[in-house]
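Nothing in this text is a laboratory measurement; each read-out follows from the coordinates by a stated rule. Bear in mind the structure is a predicted one, so any value in this text is a computation, not a measurement. Every residue, glycine among them, receives a Cβ derived from its backbone with ideal geometry; neighbour counts consider all protein chains shown.
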Amino acid sequence: MLFPILSIIAGLIILVWSADRFVIGAAATAKNSGMSPMLIGLTIVAFGTSAPEILVSIMASISDSGSLAVGNALGSNIANIGLVLGITALIAPLPVKSAVLRKEIPLLLGITLLAGAVLINLNISLIDAILLFCALIGCLVLFAKFQKNSSPDDQLNDEAEEIPEMSTRKALFWLFLGLTLLIVSSRMLVWGAVDIATQLGVSELVIGLTIVAIGTSLPELAASVASALKKHHDIALGNIVGSNIFNLAAVMAIPGFVNPVTLDAIAFNRDYLVMLAMTVALIIFCLLQRPASISRLEGGILTASYAAYMLVLYNMST
């Protein structure tokens, strides 16, 4: 068991360092290119930190385990809101711009409802996959439109003052190096945790629904916490919103393209409904305060809700 423990420790160290480099590179790239930190979070950071979920989904689909891919997408979204956003808000309360409430978050809700419509028949076919992928393309087009129509204050706000001066070449270097190491370190952590859990006799179901989902959400957690600590709040929130959209519209669509899958009813009746409830809770929390923000108290509620969900999963699998 020594090697898996060392893998976890090394993965954690690399994860923390690479998250810091990744956020610096993303923020500097945004500043140099004139893009808003929110757009960087919604696209580059969100896609990059969703890479582990995408890799897991492809491998699972090829191995005729499409239900694992769907479970990973749903579980990762639940972890992103309950664990990632919850812990990030506990560390540093997140202000939410009114434009985000009007544009990006409604898009997330729309994609979440579309995913429910796809899952309700407990089957993901090629048509479903095409529908989800088209929705993803639509979201990316809208993100670009929001960026184009945003005011100068939205594009480069006070947070830009916290972004270090850095050449575009150097910023891109740290962006891609940080992304690569985030993926590698998260894989190291997941491998070590799964190996230890297996040796301790924990069921594969519990491992898949907890360790794999949490493990593939570690890049989001590291990037969001690092962003919040550096006061890049737009990147932290945009990363979570964008990553959840990628998980539903891209990760969950992969089985339909590779190997259509039929799901157990519990995937919709339990896991999807929990994800929907978490998404609605996020919107409600944003609306409760003026100006809109996610407080430490609300972060604590989200984290506690995620812990309760983990407990339900454990009790139902034993």
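A few points about this structure:
- Peptides 61-73, 77-89 ordered by packing proxy, namely the average of other Cβ atoms within 10 Å per residue, highest first: 77-89, 61-73.
- Segment residue 229-residue 316, extension gain: residue separation times 0.36 nm, minus the distance between their alpha carbons: 27.6 nm
- Furthest towards positive pole of dipole, 100, 9, 54, structure part segment 1-120, Cβ charges: 100
- For segment 250-318: rounded, prolate or oblate by the Cα gyration tensor [a/c cutoff 1.5]: oblate
- Footprinting exposure proxy for 104, 165 (fewest neighbouring C-beta atoms within 10 Å first): 165, 104
- The distance from the alpha carbon centre of segment 221-277 to that of segment 115-130 is 16 Å, rounded to a whole number.
- With q set to 0.15, 0.19, 0.23, 0.24 Å⁻¹, the log10 of I(q)/I(0) for segment 76-141, from the Debye formula over equal scatterers at the Cα positions, is -0.64, -0.90, -1.08, -1.11.
- For peptides 270-279, 212-221, sequence by mean Cβ density within 10 Å, most packed first: 212-221, 270-279
- The local environment of residue 244, defined by Cβ-Cβ distances under 11 Å, has a net charge of -3 under the rule Lys, Arg +1 and Asp, Glu -1.
- For the chain, the C-alpha radius of gyration divided by 2.2 N^0.38 Å, with N the number of residues, is 0.94.
- Potential lengthening between residue 184 and residue 16 on full extension [0.36 nm per residue; Cα-Cα distance subtracted]: 59.3 nm
- For the peptides 16-29, 106-119, 242-255, residues were scored by their other Cβ atoms within 10 Å and the scores averaged per peptide; the highest-first order is 242-255, 16-29, 106-119.
- Sites residue 289 and residue 262, calculated FRET efficiency, Cβ-Cβ separation with R0 51 Å, nearest 0.05: 0.75
- Dipole check for the chain: with +1 at the C-beta of Lys and Arg, -1 at the C-beta of Asp and Glu, and the Cα centre as origin, the magnitude is about 440 Debye.
- Projecting label points 7 angstrom from Cα along Cα→Cβ for residue 5 and residue 33 puts them 4.4 nm apart.
- For the chain, relative contact order (Cα pairs under 8 Å, six or more residues apart, normalised by length) works out to 45 percent.
- The length gained by stretching the chain between residue 307 and residue 277 to full extension, at 0.36 nm per residue less their Cα-Cα distance, is 9.3 nm.
- Calculated from backbone phi, Karplus (6.51, -1.76, 1.60) coupling profile of segment 29-36 in Hz, x at Gly/Pro: 4, 4, 5, 5, 8, x, 7, 6
- Here residue 114 and residue 59 are evaluated by their C-beta separation; at R0 = 22 Å the FRET efficiency comes out at 0.30.
- Between the helical axis of 296-317 and the longest alpha-carbon principal axis of the chain there is an angle of about 10 degrees.
- Partner lysines for residue 103 [C-alpha distance under 21 Å; skip if fewer than 8 residues away on the same chain]: 145, 148
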